[in-house]
Amino acid sequence: MEKIIGIFFIENTNIVSVNKFPETGDDSTIVYEVVRVENKVPLFYEKHFARLKNSVKLAGFVTKINNTRMFIQIEKLISENKIANGNIKIGLLFNKTGKLQSTKLYFIPHHYPTKTDYENGINLISYKADRDNPNIKYRNRELRNKTNKLITDNNVFEVLLYNSNNLITEGSRSNIFLIKDNIIYTATENLILKGITWDFVIEICKKQNIKIIEKEININELKNYDSAFLTGTSPKVIQINKIDNIKLNKNKLIEIIANEYNNIISVYAEKFTRCRI
């Protein structure tokens, strides 16, 4: 059973006790999003909803989900649980015929980097794994269980995935950027699930005139890069200290991008709060 936190979850607009949270069978598929909440503000909700709709479309499912209605449910979930900070999962459950069975919203456990993590960087371990549809955010229990075990057993923050062609793709729940000679590199879009933070980093680099290139990167070339950083809903933008046994250096570009991203969050939160008053 998936771990959830709080007192209530929402199923099809109904507020339900977490004690009644169901176990999902193997005959179903969940397309999902995870939205970070800070001071009761669901950060970049509109972008998450757009990606959720795109995942449904790419998966071949036909269903209508309403932006405003979903947002109201998120606000209700925050209010009923009295949780101001955390991660909310939006899960759309489809059966084998592609019919939407239910919509669930609930708070899930989160792991945010510590102040020390941001100062010193985080450690990763690499793992070979293929995702059939990397552009679709859907539940893959086997891969998630494997990467969770790798994280625990090796005391690392995240797992760097590479496919059967030895091409670096992404983290198990994040995106990866590498730096060489102050040029930033990231995997091509066909190999990854484009994160919301990933999109913002691309925008920041363009505005800051930082050269960024999307390319196929072989895992064996990792040692040729100077620095690296990771992005995601929970970690935001954070430098990587080490991948496997490869030590990586700090880079001023990572600090610039992280500060710019935090500014974007502040502006969004301020605008959101002002609109809700």
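Every number in this text was worked out from the coordinates using simple rules, so none of it is lab data. Predicted, not measured: the structure shown is a model, and the values here were computed from it. So basically every Cβ, Gly included, is an ideal-geometry build from the backbone, and we count neighbours across all protein chains shown.
Here are a few things to note about the model shown:
- Working note: Karplus 6.51/-1.76/1.60 with θ = phi - 60° gives segment 116-123 the couplings 5, 4, 5, 6, 9, x, 10, 10 Hz, where Gly and Pro are set to x.
- C-alpha center-to-center spacing [segment 251-277, segment 121-147] in angstrom: 28 Å
- Under 17 Å from the Cα of Lys40 - lysines, other chains or at least 8 residues apart: Lys76, Lys82, Lys89, Lys271
- Karplus-derived 3J(HN,Hα) values for segment 140-145, using 6.51 cos²θ - 1.76 cosθ + 1.60 with θ = phi - 60°, are 10, 4, 4, 5, 4, 5 Hz; glycine and proline are entered as x.
- Compactness of segment 2-114 is given as radius of gyration and Dmax, 13.7, 43 Å, from Cα positions.
- Percent RCO, i.e. relative contact order, over segment 115-264, from Cα pairs under 8 Å lying at least 6 residues apart: 26 percent
- GNM top mover of Asn81, Asn209, Asn249 - the chain, alpha-carbon springs below 10 Å: Asn209
- Segment 147-190: Cα Rg divided by the 2.2 N^0.38 Å rule of thumb: 1.30
- Whichever lysines have a C-alpha closer than 17 Å to that of Lys247, once near sequence neighbours (fewer than 8 apart) are set aside: Lys180, Lys223
- Nearest 10 degrees, 0 to 90: helix 45-58 Cα axis against the chain principal axis: 90 degrees
- Only helices enter this figure: runs of n ≥ 4 DSSP H residues, each worth -39500 (n - 2.57), summed and divided by the residues of the chain, yield -10000 deg cm²/dmol at 222 nm to the nearest 500.
- Within-12-Å neighbourhood charge of Gly195 [Cβ basis; K, R +1; D, E -1]: +3
- Gaussian network model of the chain, Cα within-10 Å springs - most flexible of Ile204, Ile240, Ile90: Ile204
- Value of D in µm² per second that Stokes-Einstein yields for the chain, Kirkwood Rh from Cα pairs, at 37 °C (0.692 mPa s): 167 µm²/s
- Solvent-free Debye scattering, log10 I(q)/I(0), computed from the Cα coordinates of segment 115-264 at q = 0.12, 0.16 Å⁻¹: -0.44, -0.82
- Normalised by residue number, the volume inside the convex hull of the Cα atoms of segment 136-211 is 118 Å³ per residue.
- Using the Stokes-Einstein relation with a Kirkwood hydrodynamic radius computed over Cα pairs, the translational diffusion coefficient of segment 64-148 at 10 °C and a viscosity of 1.306 mPa s comes to 97 µm²/s.
- Sorting 224-233, 100-109 by their mean Cβ neighbour count within 10 Å, with the most densely packed peptide first, gives 224-233, 100-109.
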